[in-house]
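What follows is a set of notes on a single structure, which appears directly below.
The values are calculated or read from the model by the stated rules, or taken from the named source; none is laboratory data. Everything numeric here is computed off the predicted structure, so don't read it as measured data. Please note: Cβ atoms are built from the backbone with ideal geometry, for glycine as well, and neighbour counts cover all protein chains shown. Note: accessible area is taken over every heavy atom of the protein model, side chains too, but ligands, DNA and RNA are not part of it. Shrake-Rupley method; radii C 1.70, N 1.55, O 1.52, S 1.80 Å.
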Amino acid sequence: MNITVTLFAQMIAFIAMIWLVNRFLWAPLSSMMEARRQRIADGLSASERGKHELKLAEERAVQVIKEAKERATELLAQANNRSTEILDEARNNAKAESERVIAGAQAEIGREVERAKQELSKQVSVLAVTGAERILKREVDAKVHEASIADLVARI
Amino acid sequence: MSAVENTGGGSVEYIQHHLTNWSVGQGFWTLNLDTIIISLMLGALIVFAGMRVGRNLEVGAPSGFQNFVEMVLEFVDTQVKDSFGKRDNGLIAPLALTILVWVWLMNFMDLIPVDLIPAGLHALGMDYFKVVPTTDLNTTMAMALFVFLLTLYYNIKVKGLVGYIKMFLFHPFGKFLIPVNVVMTAIEELAKPISLGLRLFGNMFAGELVFLLIALLTFGATISAALLIWFPLQVVLDVAWLIFHILVITLQAFIFMVLTIVYLGMAHITEDEH
């Protein structure tokens, strides 16, 4: 139970043990635990960031929906305007067309009337000549009075 | 009891026999082989366990033994951080862990039945074998002395040689009682390693002695009616002391570690922090 050289042997063993424990137990485990701590911290901060990003995305989605609604309203108004315009235009076109058709028809009628008038006057002159022939019984030669009849016809 | 029989019997001889080391050499040059072999074997066990855990480190979901090792590690780390804060250098924590685990294992040898290993070795032809390395003063004082050398080193490194000498001169009574201060501080500093080593040695030695005394209850008994009383009593006492001693060995290992940390922590405090 005396202090002997064993003391120094044990001291050397103790120093060796400290080195070995540090080399094989402390260093690998504590660095691993440090890595784990880092990983957990990273994970937590990543989830925090994810939450933040989700919030931002939600805000952006609300904004986008709002914008889309506004745009839709705008488009609807435009479409309404445009349809009114188209309707008006169509109505105007139809009116103009009908007026044109009516005018054409009236002009045609006028021309027909004129032509009928000429035809009638021609026939009236022929009838007048025929009637006069009958009345005068050969006394009047058509060829002789042609000039005066033509004058007559022109005057009708 | 076979280890005892050829000493001729007798309680004193029985106890003395158990407290004698297996050694070579004479006088100061005595080498206690049992102390050295057992402590090295336990050290090898720690290193082997450390290597096994270190090989299959699981970062994500550790299980089983790794959990336990991590628990011990964090416990030691907390103790060191409490004392050192940010001044921690890389040596203190492994040193504390070594002390806790190694001392605990060496103390644990105390729980092995006192006659088991000596009896087995006696069958192989060895007469003396002291199983518990921490009941050898050389072991505890070796560690205490190394801790003392470390405190000396860090005292001088942190405070500077002048600062360290100043601590002797002006502590604890100020500059007017310098001779008293020197004596007081010297005693204080020397008491640290001595008490550190002797406390562990004393507790383990006493514990071993109680086990020996309990074993003596039926020592040399022959088959008789008296044995019917003594034998159960011995078993009960043995179990009671075992349970109590589990606390003692853990506590002593813990105290050795904490005091080491505290002494080294004190060595790291500079003068202006007093």
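In this structure B:MET51 has an accessible area near 80 Å², from a 1.4 Å probe over the protein heavy atoms. Would you mind getting me the FRET efficiency between B:LYS86 and A:ASN2? Use the beta-carbon distance for r and R0 = 45 Å, nearest 0.05. E between B:LYS86 and A:ASN2, to the nearest 0.05, is 0.55. Cα centroids of the range A:47-84 and the range B:143-172: 74 Å apart.
With a ≥ b ≥ c taken as the square roots of the eigenvalues of the C-alpha gyration tensor of the range B:31-70, please select rounded if a/c is under 1.5 and otherwise prolate if a/b is larger than b/c or oblate if it is not? Prolate, because a/c is 1.5 or more and a/b exceeds b/c.
Peptides B:173-182, B:122-131, A:67-76, ordered by how many other C-beta atoms sit within 10 Å of their residues on average, highest first, read B:122-131, B:173-182, A:67-76. Over all other residues within a Cβ to Cβ distance under 11 Å of B:LEU57, the charged ones net out to +1, with Lys and Arg as +1 and Asp and Glu as -1.
Quick check: from the Cα gyration tensor, does the range B:40-168 come out rounded (a/c under 1.5), prolate or oblate? Since a/c reaches 1.5 but b/c is at least a/b, the shape of the range B:40-168 is classed as oblate. Cross-link partners of A:LYS122 among aspartates and glutamates, defined as those whose alpha carbon lies under 13 angstrom from its own and excluding same-chain residues fewer than eight positions apart: A:GLU114, A:ASP151. Rounded to the nearest 500, the helix-only mean residue ellipticity at 222 nm of the protein assembly as shown stands at -27000 deg cm²/dmol, with each DSSP H run of n ≥ 4 adding -39,500 (n - 2.57). Charges on Cβ only, +1 for Lys and Arg, -1 for Asp and Glu, centred on the Cα centroid of the range B:62-205; of B:LEU91, B:ILE117, B:LEU137, which one is farthest towards the dipole's positive end? Toward the positive end, the furthest listed residue is B:LEU91. Centre-to-centre, using Cα atoms only, the range B:30-48 and the range B:76-102 are separated by 23 Å. Quick one: helix A:146-155 against the long Cα principal axis of chain A, what's the angle to the nearest 10°, folded into 0 to 90? Roughly 40 degrees between the two axes. In this calculation the C-beta distance from B:PHE68 to A:GLU70 is compared with R0 = 56 Å, giving a FRET efficiency of 0.30.
Which is farthest toward the positive dipole end of chain B among B:LEU152, B:ILE261, B:SER11, measuring Cα position about the Cα centre, with Cβ charges +1 (Lys, Arg) and -1 (Asp, Glu)? Most positive-ward Cα: B:LEU152.
Under a cut-off of 17 Å between alpha-carbon atoms, report the aspartates and glutamates in cross-link reach of B:LYS175, not counting same-chain residues fewer than 8 places apart. Cross-link targets: B:GLU271, B:ASP272. Straight-line cross-link reach from A:LYS55 at under 17 Å between alpha-carbon atoms covers these lysines, not counting any fewer than eight positions away in the same chain: A:LYS66. Between A:GLU34 and B:ILE269, the simple spin-label model (points 7 angstrom out along Cα→Cβ) gives 2.8 nm. Axis of helix A:6-21 versus longest Cα principal axis of chain A: the two differ by about 0°, to the nearest ten degrees. Listed cross-link partners B:LYS81/B:LYS159; B:LYS81/B:LYS166; A:LYS51/B:LYS86 are compared with a 32 Å cut-off, the Cα-Cα value being larger for A:LYS51/B:LYS86. Computed from backbone phi with θ = phi - 60° and the Karplus coefficients 6.51, -1.76 and 1.60, the 3J(HN,Hα) list for the range B:204-217 is 6, 4, 5, x, 4, 4, 5, 4, 5, 5, 4, 5, 5, 3 Hz; x is used for glycine and proline.
Relative to the dominant Cα principal axis of chain B, helix B:137-170 is inclined by about 10°. Other residues whose C-beta falls under 15 angstrom from the C-beta of B:LEU145 contribute a net charge of 0, scoring Lys and Arg +1 and Asp and Glu -1.
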